[in-house]
Amino acid sequence: ISFAELLLLLLLLLLLLLLLWPPLPPVSVELSCGAGPSHVVLEPGLPLLLDCNLGASDAPFNVTWLQDGMTLPLDGDYLQYLGNGSLLLLPTSKDGQPAQGLEGGFSCISASALGALTSRTVNVLLASLSKFHQEPSHQTVPAGGAARFECQIEGVPTPVITWEKNKVAVPEETSRFISLPNGVLQILEVTKEDEGAYRCVASNSARKDISHEARLTVPAGELHHLRMPRWCSAAPAVMECMAQGQPKPLVSWSRQDVPMAVLLCAFSFPTMWDLSFYCAQVQALFAFFPIAPPVILQPPETVSLSRGNTARFVCNSSGEPPPVLHWLKNGKAIRPFRRVKTQSPGVLLINQLALEDAGYYQCIADNGLGTACATAKLTVIVREGLPSPPRHLSATPYSSTSALLTWEKPEYNSDQIIGYSLHCQRAAGSDNVEYQFAMNNDTTEYHVKELHPHTAYAFFVVAYSPMGASRPSLPVTVEMLEDVPSAPPQLSIASTSPTDIRLMWHPLSSQHSRGAVTRYRIEYSSLDQVDTVFSVEVGGNETQFTLRELQPNQAYQLRIAAGTGIGFGVPSEWAQHQTLAHYNHSDHMIFAPTELKVRARVNTLNVTWHASPNHTLVSGYKLSCREVEAEESANGESASQTQTIRLRKKARYHLLTGLGPDRQYEVRVWAFNKQTDGAAAVWKGRTDKAHDRTSPPPMRPPPLPPSSIQAKANSSTSIWLRWEKPRFSNVRIINYTVRCSPAGTTNASLVSYHTSPAQEILLGALRPFTRYELAVQSNGVDVVGPFSGTVEESTLSDRPSTPPEELQLSALDSSSVLVSWRPPLEPNGIIISYVLLYSGNLSQPEHLWMNLSQEGRFTSMEVQGLSSGTHYFFKLGASTAVGSGPYSPVKDVHTPLQKYELDIHAVTGIIVGVCLGLICILLCMCFSFRNGKSREISGGLDSTAVNPQYRRGGCPIPSDLPECGDSHELETLMPPGSQESGQPLAESPEEQSLMASANPVEGGDAPAPEPKVKTCKGGNSFPDGPWILCCFFFLC
């Protein structure tokens, strides 16, 4: 194989490797809300992957990319959107063209079901390298001296600068050649061998550039003069201090302890023969301010609050220069309005939370070097059973400074309302203060006072229950009534002729007008006749008026008052002015400047005027200002000095500074020329009062909250609270503020604040057996830190401070009473028992009263064993584990007299027995009546009519009667004389023999046998048996 073929084969293999070589992975930058690089470079051949990772959800959706605040297009030659929401920036297009239009700030917004989040902004820069701004110049340095070459070039990323001598890299291992990062090459102790052509080479990922060559010449001779150090200001803080001379100077560095970094470069020449020369040194100062990107020191905290509460987010940051903070909600900037306010430094307040306030809140800090952000989530909890908003809110102006607010109770759950809060704020303006007024649930109206006249206010009402707050009612706006102005206009006076006076004034501000100014009243009189006062009224839209037909060279006093539809306000103080004398040389008379107006502030007066009517004669203007004392002398002159200021002819305004607040001043302005002074325009008024608030302190990071907060109950009315200093603080802490409130309270009036210089405090005057929420904040000099997290502690229990409520007595009978009650309103602990005292004698000592105890979980008891018809007195007390509380007021009850009553059970038994006996008697009577009839029928039958059926012994037996072989004999109790007369039936011989043997009679005939009643088996009963049974049952 020839050499050419081998070379071609190698080229083909190299090309194949290039095709099969995997592309370089892209540079990945994560855009989140945390810390990260502020700048990133899109270098050739390296794609840039921007990953949107905001943590809103595990799988971000609806990701929107922004470039310099504008939404990026969905398609582009250098953009590629990935499935996970990331953005890929390509350094070149598909056809190989370099990227264009990709420089700028990139950020993303990630939306989820809970809200939206925005990322920090990262600046994408394209790799580039500029031309040389400075190239090395030729140097001539004697042997032993120091040579210095410098070149300057800019690039992204920062180019690396190296040096070459005669197109060969300068050796770096020698200590004589010093290459600084800012493009400076120092050659110390130059020798003849150092001569040559020097050039610098700058390179970065964009390209490479070489400067022109500069030649170093080393002539013969020695250096005996001093070279001053040079100032260097480069992006890296490279401070170059270079000195040369004989003997060799000593270079030293020192840092002055001042807020900005000031470094001192000093060098001197030590000699053995002149020590004083050692002290003569030349110095050079290098001053620079340290810079740092912003960092979030205290991020806002995620909170979950009930509707109607107040959310407070605190965000503190640091950086140099100090960063500017702004807030976002769901990726959009928050604009302060009625319920949402921003406070300095880094505090966001949201009053009267509503459902639409829920979402993600972000604090963004930016100082030009980068951005930092922190995120907090706000969840608004709406509990079931909350009252609906109050209805039919109306506001009626009661006067110019008060209004009557009325409303109706909510439609739902109004029985659970414990109170209302009324919110009031000016309807106009963006940063108005909101005022809140709390009231009980027994009223639906409130009289708001101390409002500003002729000002529109917006009101709404919120109802509170133990579960939380309702939604705000529909707001209502009302404008207060007008009032008379509270201050007069500031008056300026000038004369343009001997017979007129021109008055000018500024319209009143809305704060002072307190209504629409409809007219002005001007009063004036001459000093010769002060009792004769003339007045004239002008329209409310006028700001100047000229009094005519006055006396020349006459002193007048004037004042002005503004009026609304209600009336005129207080007039201004009398101002004096003298008309011009009769002028004989009108061509040389200089008139007073027109429309003199003065805008008063606390310490300044801004004076403006128009040129005099004959301004062609004017060479300039003069302005004088003097303070008018409270008590002037009789001739109207003040003892204070007058300051006169000369101004140019074209001057039309002047600012007077260094004045006192709330002082009366007189300002005069007049024109002049070389010959004379003109007439003066006069203004007399008062500077504004000093504001109560002081100027805001310089921005400084607040101290961190204390740590290790511990609370321990000390008694039933006090709690010990202890804490430790913050582990890190850049401000001196002077004291601490403790916030104390009952747990779960929504009433701001129950929150108390206490100050302690030490790291502990004993909180007193608390309620017994109550749980409190406690938090502590650190206070520095003119700066207040955030509150710490809350700790909870309960006070100890105590005796009940109130007796049981609603003691009720009810007599059950003549010997028992039912006692019922409700627990005390202030039990101060867990009620373990109730003690009931009762007695029939009210004057009897308490220890002699009868007492009964009942467990604390019961609220009623029955008192038995009382006497009937007696007047009893009762009182009840409650007890906790600590002791007994007071007794309730005495109540009495009268037991009724005893009544004798039959026993219900006994009476019932008697009635049942009597009824059973009567039923038996009736049954017996029925049976007896039936048997008697049958006997009569059988006794009256003819013997021949009977069937001749006979048994043994000749006894005829009816065919329908059963056999009477087994009969029972019962002797009746009837006497013998009661027998029926008649022939008895013939008996059988056997029966007669039995009868004879059973009744033997001595000597004589046997008596007649007693009648018998027989009962046949299955037949009818005998006639006398039922009567005996009935009598037996009745007796029973």
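Structure summary
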| item | result |
| --- | --- |
| Rounded accessible area per residue of the range 758-842, 1.4 Å, Å² | 46 Å² |
| Contour excess over end-to-end distance, with Cα ends at ASN614 and SER388 and 0.36 nm allotted per residue | 74.0 nm |
| Mean Cβ count within 10 Å, highest first, over the residues of peptides 839-848, 122-131 | 122-131, 839-848 |
| ³J(HN,Hα) computed for each position of the range 85-92 - Karplus, 6.51 cos²θ - 1.76 cosθ + 1.60, integer Hz, glycine/proline x | x, 6, 10, 10, 9, 9, x, 9 |
| HN-Hα J in Hz across the range 829-840 - Karplus 6.51, -1.76, 1.60, θ = phi - 60°, x for Gly and Pro | x, 8, 6, 9, 6, 10, 10, 10, 10, 8, 7, x |
| Fully extended contour minus Cα-Cα distance, from SER867 to SER28, at 0.36 nm per residue | 292.3 nm |
| Förster radius 35 Å - calculated FRET efficiency between SER752 and SER486, Cβ distance, rounded to 0.05 | 0.45 |
| Fraction of accessible area attributable to carbon and sulfur, the range 389-522 (%, probe 1.4 Å) | 48 percent |
| Rounded FRET efficiency, nearest 0.05, which uses the C-beta distance separating SER814 from CYS926 and R0 of 41 Å | 0.25 |
| Carbon and sulfur %, accessible surface of the range 92-192 computed with the full protein complex present, 1.4 Å | 51 percent |
| Members of LYS167/LYS208; LYS167/LYS192; LYS597/LYS650; LYS649/LYS689; LYS131/LYS165 lying beyond 25 Å, as alpha-carbon distances in this model show | LYS649/LYS689 |
| Karplus-derived HN-Hα couplings along the range 375-385 (A = 6.51, B = -1.76, C = 1.60, θ = phi - 60°), whole Hz, x at Gly and Pro | 10, 9, 10, 10, 10, 9, 9, 10, 7, 6, x |
| Cα-centred dipole magnitude for the range 423-537, charges only on beta-carbon of K, R (+1) and D, E (-1), debye, nearest 20 | 340 debye |
| Where labels lie 7 Å past Cα in the beta-carbon direction, separation of PHE337 and ALA456 in nm | 1.5 nm |
| Sulfur and carbon atoms: percent of accessible area, the range 732-782 [1.4 Å] | 51 percent |
| Net lengthening on full extension, TYR412/SER860 (0.36 nm per residue, minus Cα-Cα) | 157.9 nm |
| Pairwise FRET efficiency - GLN710 versus ARG601, Cβ, R0 = 45 Å, nearest 0.05 | 0.30 |
| Size of charge dipole - the range 467-620 - debye, nearest 20, with Cβ of Lys, Arg +1 and Asp, Glu -1, no other charges | 580 debye |
| THR644-ARG548 pseudo-label distance in nm [points 7 Å out on the Cα-to-Cβ vector] | 3.4 nm |
| About the Cα centre, charge dipole magnitude for the range 704-846 (Lys/Arg +1, Asp/Glu -1 at Cβ), debye | 660 debye |
| Surface accessible to a 1.4 Å probe, per residue, for the residues of the range 457-547, Å² | 43 Å² |
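The values are calculated or read from the model by the stated rules, or taken from the named source; none is laboratory data. None of the values given here were measured: they were computed from a predicted structure. Heads up, the Cβs are rebuilt from the backbone with ideal geometry, glycines too, and the neighbour counts pull from every protein chain shown. Side chains included, ligands, DNA and RNA excluded: accessible areas come from the protein's heavy atoms. Shrake-Rupley method; radii C 1.70, N 1.55, O 1.52, S 1.80 Å.
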